[in-house]
Amino acid sequence: MIQRMQQSLIYLIFWVIVFAATGLFAQEKSLIEVQSEVDTSTITIGDRINYSITIDRDKDLRIMKPGEGLNLGMFEIKDYKFHDPLEKDGRLIEKYEFNISVYDTGKFTIPPFPIAYFPVDTSQQYKIIEAPAIDIYVQSVISGDDARELKDIKFPLAIPFNYFFWISMAVVIILVAVIAYLGYLLWKRRKEKGYIFSPPPPPRPAHEVALEALEQLFQSNLLDEKQFKEFFSRLSDIIRAYLEGRYFFDALEETTREIMADAKKHVENNDLLSDLKNILELSDLIKFAKYIPEDKEIDTAIEQSLNFVNVTKLIYEVVPENGLDEETQAEEGTLISAGTEDTEDLTENKK
C-alpha cells in the first residue's frame, strides 16, 4: 500500500513538472512566433524562389529585425520587399519577402535565420528564435534524352553576300565623290573669278553715287530747319566717299590734313584743291566748333562740291571702230575726263 502511494506521488510530481514546463513554453510562444516558407522547393538552375519570413509577436515585444543583407548561404538575393506591420488583436504581424536564386545543381538548404528578442522591455539580455530551415532541390536544365554528352559547338553559318547593300554603298560613295568634286569646282571658280554662276553687276561709278547723294542732300529740309551740323556732316561724308572711290585712298578714315596730302598726289588743279579744302574745313568747323555758316558760305560749299565731282569724274566710253587705226581699235575703251555740263543743272535745281 505504501509503495503504491509512493508511486502515485511520483507520478503526480512528474505531471506537475510536465504541466509547468508546458505552461512556460506556451507563455514564451505566445510572445513571438516565426515562420519561413517558399513558393516552391524544386527549381532548375537560374530559376527564382520567393522566400518569406513572417514574424507574429506581441506589439510591445522588442526585437531585432532582419535586414537587406540577409545571409542565405548559397542563395543570392535578387530583390526584396519589406511589408508594413499589420496589427491584429494586440499583436504585430511583419512579413519580409526575398527573391533568391542559385546557380548550381543539387540539394541546398536555406539556413535558419535567427531573430533576437527581449522578453522584458528593460532587459539587456535577449533570446533567440529561429526561422526554420528549408531544403531546396535544384535540377539541371538538361533532362531525358538531353542528358547525354554535350556536343561541340557547330561552325558558324556563312553569311550570304548582300548585293543590294554593297551596290547601295557604292552608289552613295560615288554620289558623295561627285558632289565633293562639284563643290571643289564651284569653290575654285569663285576663288578665281569672284563669282560662281554669273558675274556680279559692275559697281556704279563713284561720281554717280556722289552726285545722287548730293542731290538728295540738297533737296532735304536740313538747311531750312537750320540743322547745319547734320547737313555738313553728310556733305563731308559724301565728298570723302567720292575721293575713296575715285582715287582709292582711305578718305573716310583720314583727317582733313591727311586727305589734302593724298589729294595733291592725284589732283593737279590748284583751284579744285582749294575748293576741296574749303568744303572739308568748313564742315569741320560746323561739326566740331558749332560754327553757324552764312548763306553765302553754304551756297559756295554746294557749288564747290558739285564742281569738284563733275570736273574730276571718270566716264568709261566705247570708242567706235570706224576711222580708227588698229592700235585704237584694239583698246576696249577710253577713260576721259568729263566737263562741268551737269554742274549748272544741279545748281539750278537746288536754287
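The values are calculated or read from the model by the stated rules, or taken from the named source; none is laboratory data. Computed from a predicted model, the values in this text were never measured in an experiment. Ideal geometry is used to build each Cβ from the backbone, glycine not excepted, and the neighbour counts take in all protein chains shown.
Overview of values
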read-out: Residue that is farthest from Val209 (Cα to Cα), among those in segment 243-283 that are among the aromatic types (Phe, Trp, Tyr) and assigned to a loop (DSSP other than H, G, I, E, B); value: Phe249
read-out: Cβ pairs under 6 Å, 6+ apart, first in segment 79-93 and over 17 Å from Arg62 (Cα atoms), second in a strand (DSSP E or B); value: Asp79/Asn99; Tyr80/Phe98; Lys81/Glu97; Phe82/Tyr96; His83/Lys95
read-out: Residue check, Pro199 at pLDDT below 90, within 30 Å of Arg240 (Cα to Cα) and out of contact with any Phe, Trp or Tyr (no Cβ under 9 Å at 6 or more places or on another chain); value: yes
read-out: Close pairs from segment 246-258: first closer than 23 Å to Leu285 by Cα, partner polar (S, T, N, Q) and outside any loop (DSSP other than H, G, I, E, B), Cβ under 9 Å, at least 6 apart; value: Thr256/Ser236; Thr256/Ser283
read-out: Flag if Ala131 is surrounded by fewer than 16 Cβ atoms within 10 Å (Cβ to Cβ) and of a type in the set (A, V, I, L, M, F, W, C); value: no
read-out: Selection count where residues are assigned to a loop (DSSP other than H, G, I, E, B) and farther than 19 Å from Glu33 by Cβ, scope segment 85-110; value: 4
read-out: Subset of segment 182-211 that is in a helix (DSSP H, G or I) and small (Gly, Ala, Ser) - its residue that is surrounded by the most Cβ atoms within 10 Å (Cβ to Cβ); value: Ala210
read-out: Selection count where residues are modelled with pLDDT of 85 or more and polar (S, T, N, Q), scope segment 81-135; value: 4
